[in-house]
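Report on the following structure.
Just so it is clear, none of the values below were taken in a lab; they were calculated from the coordinates. Please read all numbers here as calculations on a predicted model, not as lab measurements. A quick note on method: Cβ atoms are made from the backbone with ideal geometry, for glycine too, and the neighbour counts reach across all protein chains shown.
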Amino acid sequence: MLKIGDMAPDFILKNENNEEIQLSLLRGKKVVLNFYPKYDFHCSAMEACSVRDAYDDILKLGAVVIGISPASGTFHDKIILKYGLPFYMLADPEMTVIKQYESWTKKSVFGKIHDEIIRTTWIIDEEGRITHFFLQVSPKNHAKEILTALSA
């Protein structure tokens, strides 16, 4: 189980342009690592847009924003254009990284059990250590929480 102070698990995932992004290569910057089901859902869109609106302030605090979902790069490309999202959107179709970061659960819908992404955010410092963790984030106020955590 991951906790504050742990080294963030490294990963390599592809973005909407099919470019590989590796977490450990971002050392020296803070990282806002956000897991979401799909940004096309109302709550996810609200959260993404609030982070987008605070993006310049997040950059001023020396951070990179990364969104991760099981959605494909093609889906991300459409969402980036639709909402004008300036941050990395990475695809994890096998949910390997999502599971590493404990951002999923099993849920029963109509008697069928399936994996479901939990809306979570991890803040990682310049050395690669986890400094903050937000579970079941509030889409409306989450950008403020991120800014407060990055300022600490």
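A few notes on this one:
- Over 25 Å (Cα to Cα) - which of K3/K82; K78/K140; K82/K112 fall in this group: K3/K82; K82/K112
- Here the chain is treated with +1 on each Lys and Arg Cβ and -1 on each Asp and Glu Cβ, and its dipole about the Cα centre works out to around 380 debye.
- Evaluated at q = 0.10, 0.16 Å⁻¹, a Debye calculation over the C-alpha positions of the range 12-151 (equal weights, vacuum) places log10 I(q)/I(0) at -0.30, -0.80.
- Over the chain, relative contact order from alpha-carbon pairs under 8 Å, at least 6 apart, %: 33
- Once both labels are positioned 7 Å from their Cα atoms along Cα-to-Cβ, the gap between N18 and A152 label points is 4.1 nm.
- Partners for K14 among aspartates and glutamates (Cα-Cα distance below 19 Å; same-chain residues under 8 apart left out): D77, D92, E94
- Converting phi to 3J(HN,Hα) with the Karplus coefficients 6.51, -1.76 and 1.60 and the offset θ = phi - 60°, the range 19-31 yields 8, 7, 10, 10, 4, 5, 6, 9, 4, x, 10, 6, 10 Hz in sequence order, with x at every glycine or proline.
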